1. Would you tally the net charge around T9, using a Cβ to Cβ cut-off of less than 15 Å, leaving T9 out, and scoring K and R as +1, D and E as -1?
2. Report the local net charge at T30: Lys and Arg +1, Asp and Glu -1, summed over other residues whose C-beta lies under 15 Å from its C-beta.
3. Would you grab the residues whose amide H sits under 5 Å from the one on G18? Only those 5+ places off in sequence or on another chain, please, with H modelled 1.01 Å from N.
4. Quick one: length gained pulling M17 to T61 fully straight, 0.36 nm per residue minus the C-alpha distance?
5. Largest first, how would W31, W46 line up by accessible area (1.4 Å probe)?
6. With every protein chain left in place and a probe of 1.4 Å, what is the accessible surface of D19, to the nearest 10 Å²?
7. How far apart, in nm, are two points set 7 Å out from the Cα along the Cα-to-Cβ line at T25 and at V48?
Amino acid sequence: MSGIWPPATLPGLHIDMGDYTRPWTPRRGTWLRLPTADYLCGRCGWTVHASAAGVLTITETINDHQCPTEAEDDH
């Protein structure tokens, strides 16, 4: 697939599971396209990207993220 997947421009977690050949044959398959994950914070615009084995732990990184606090307006 070329270009940005349209939902990837929306906030949230987007995962591409990749493309693996022969999943029914142990140790004989190959990755044609590695899994990837992208996250866009809807509040502050922070992004994180992971690929291959990093996709398994991206939620830990997302959970550790804290949006910068907004300055309170004086009334």
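The values are calculated or read from the model by the stated rules, or taken from the named source; none is laboratory data. Worth saying up front: this structure is predicted, and the values here are computed from it rather than measured. Methodologically, a virtual Cβ is constructed for each residue, glycine included, from the backbone with ideal geometry; neighbour enumeration extends over all protein chains shown. These accessible areas exclude ligands, DNA and RNA; they are computed on the full protein's heavy atoms, side chains included. Shrake-Rupley method; radii C 1.70, N 1.55, O 1.52, S 1.80 Å.
1. Working: positive: none; negative: D16, D38.
Once all neighbours under 15 Å are counted, the net charge is -2.
2. On the way: positive: R22, R27, R28, R33; negative: D19.
Value of the local net charge: +3.
3. The answer is T36.
4. That pair, M17 and T61, stretches by 14.0 nm at full extension.
5. Values: W31 125, W46 75 Å².
Result of the area sort, largest leading: W31, W46.
6. Per-residue accessible area (D19): approximately 60 Å².
7. A separation of 3.7 nm, rounded to one decimal place.
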